[in-house]
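Asker: Below is one structure. I have some questions about it.
Throughout, read-outs are computed from the coordinates displayed, never taken from laboratory work. Here the structure is a predicted model, which means the values were calculated and not measured. Glycine gets a Cβ as well: all are built from the backbone with ideal geometry, and neighbour counts include every protein chain shown.
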Amino acid sequence: MDYDALIKKLGTFGPYQKRLFFIVFFPVIFNSFGTPVSNFLLGDQLYRCKIPGLQNDTYAVQNQYHDEVINATIPKRPDGSYDECKILVNGTIEKCSEWVYDQSVFTKTVNSQFNLVCDNEILHSLSISAYFFGYVFATVTLCPLADVIGRRKMVIFATTLQFVVNIIMPFSYNVLMFIILRFFDGTCGLAYYHGAFIIGMEMVGPSKRLFSGTMILEVYVFGEFLLLIFAYFIRDWRWLQLALAVPMVSTVCYWWPQVLPESPRWLLSRGRNTDAVKILRKAAKSNNTEFEDLPSDFKLEEEDRGVREILRELFHSRKLLIRWIIIFCNWFIISFIYYGLTLHIGKLGGDLYINFAISCIMEFIGYFLCIFMDRTGRKPMHLTVMFLSGTACLASVFPVLFGDESHNWIMIALSMIGKLGISAGFGEIFIYTGELFPTVVRSLVMGICSCGARIGSNISPYMYQLTDGKMHTALPLLIYGIITIIVALLSITLPETKKRKLLEQVEDAEHEEDLATESEISENEEKPYVPRAVEDNDSEYMKLTETSNGHHKDVL
C-alpha cells in the first residue's frame, strides 16, 4: 500500500481534511494582498512640478491667480498637457526636484511619499518587481529547505516573518527600506504557500485534488475582493498597509501543533513513523474511520533520480525537448501577461476600483473554468483560453489608437476578457504540463518552467515604461496579444492528455498515441505518483498524482 491508498482509506476529503484545509489556507487571503496591492500602495497619481516660492501649492487649481501662476511657470507639451518634470525659471527650462500630486483618488502613495517620478520612475517599477525577486529567492532557497526542516516549521517561519515585515512596512523612512521589505514579503509569501500547500494536499485524496486546488485559487480571489474593500475606504498607503497587516497576527496560532500538524508524509519520509501515526489516527477518528497502525505492506514512493541522469533522459528525446520549449514559453507568457494586466489596471483609464472589481470577477470565472477540464480535455481548454486572451488583448489596441475617451470602456472590457483567459491559463497550465512529460523528468521540467514564469513576472512591471502618449497604453496590450497568439499557435502541436495513462519513461513519448486511456486501465495496474512540489500561482506549487481510476490529477 502506498501513501495515496492510505489517505483514501482514512477518508478522501472528510471532516479532518476540511478543517485542516481551512486552517492551512485561510492565510491565502492575506497572501493574495501581496501582488495586487501595488495598484494602491504604488497607485498612479497625476503630478507636476511644485512652483518655487508658492506656499501651499497644490495640484488642484485653487483660484484664477493660481491658474495664471501655473501657466506661467509650468511648460506645456504639444498636446496641451503640463510637463511633469520641468519648470520655467527666469525664462529657462530646468528639471524640478519637488512635485505636487493629485489627491482626488489617493491622498498619499509610495510614489508621492518618496517622489518616485521623472528620473526616479525606475524605482517605482523596482518597488513592484522586488516582490517577485523575493519569489525567485524563495524558490531556490526556502522552498527546498522545507524538505529538510519540515513543512510545518517553514509555514511557521514564513507566516511569522511575513507578519513582522508587513507591520514594519508602513514605517519605511525611504524607498530603499520599502523595496527591501517588499522583497521579504514576496519571499515569505511563496515560502508559506509552498509549505501550506503540501501539508493540505498530502492529506487530501487524489480524486479531490483538482477541485481542492481550484478552490484555493478562488480563496485567493476572495482575498483580492477584501483588498478592494480596504483600499476603497483607506486612501493613504501607510494606513492601508497597516490595516492589511494587522489580521496577519492570526497566523501566530500555527505555533501550536494542535492547530497546524506536520505533514504525515514528510514524517514518514524521515523515519518518524510514530509521530505520523498519531496524526493519522487523529484524522481517522475525525473521519469516523478505523486506523491503528501502518499496514505491513506500506511503502513511500521512490524519490526522483539524480539531476544528471534526469537530464540525460530528457535530452535523449527530440520530441520532448521541443515540447519542453513550447511549454516553457507558455509559462513565461502566462505569468508575464497575468501580472502585467493585474499590476497595471490603473493604466487602463476609467475608475481604478471598478476596473479592479471587474478584474477580480474575470479571474474568479477563469479559475472556475479549470474545473471543467475533465470534460473539455486539456488541449481544447488550453488553446481556447490562450487564443481568447491573445485576441482580446490585440483587439483592445484599436479603441486606444483609433478612438477617443468615449471608447475607453471598449478597451477596458476587452482587456478584462484577456484577463479572464489568462487567469484560466494560469490555472490549467500546471495540470497540462504535468501530464505532458514522463515521470522521470517531470519534476525537473516543472521546476525550470517555474523559473520561466518568474522571469515573466519580473519583467511585467516595466512594460508601461516603454513609450509615452497613446502607445503608453496600446504597446503593452499589443505585445500581450501578439506573443499570446504566437504561443497558442505553437501549442497546437501539443497532444491531448485527457484520461490518458501517464508517461513513465522518456521512450513512452515516442508512442504515446498508443497508451491506454482511463477506461482501459484496471485498478490493480495503477501506480499513483506524487512528485515534489514545484510551483504556486501570484502562486504556484502543485502535486501530481493518479486518481483511483487511473486518471491523472494535478493541483495548483
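Asker: Given H placed on each backbone N at 1.01 Å, which residues far from Trp99 in sequence or on other chains put an amide H within less than 5 Å of it?
Answerer: For Trp99, the qualifying residues are Lys50.
Asker: FRET efficiency for Gln258 and Ile486, Cβ-Cβ distance as r, R0 = 41 Å, nearest 0.05? Intermediate values should be presented prior to the final figure.
Answerer: Details: r = 52 Å, r/R0 = 1.28.
The value I calculate is 0.20.
Asker: Could you give the length gained on full extension between Gln55 and Cys451, defined as 0.36 nm per residue of separation minus the Cα-Cα distance, in nm?
Answerer: Contour length minus Cα-Cα distance gives 137.4 nm.
Asker: What pairs in Lys278/Lys498; Lys18/Lys153; Lys108/Lys347; Lys9/Lys379 have C-alpha atoms more than 26 Å from each other? Can you show the working numbers first?
Answerer: On the way: Lys278/Lys498 38 Å; Lys18/Lys153 21 Å; Lys108/Lys347 18 Å; Lys9/Lys379 33 Å.
Those over the limit are Lys278/Lys498; Lys9/Lys379.
Asker: Pull out a ≥ b ≥ c, the square roots of the eigenvalues of the alpha-carbon gyration tensor of region 355-403, then state rounded if a/c is under 1.5, prolate if not and a/b is larger than b/c, and oblate in the remaining case.
Answerer: It is oblate, given that a/c is not under 1.5 and a/b is not larger than b/c.
Asker: Which of the chymotrypsin sites (Phe, Trp or Tyr not before Pro) across region 150-190 are loop residues per DSSP, with 15 or fewer other Cβ within 10 Å?
Answerer: Tyr173
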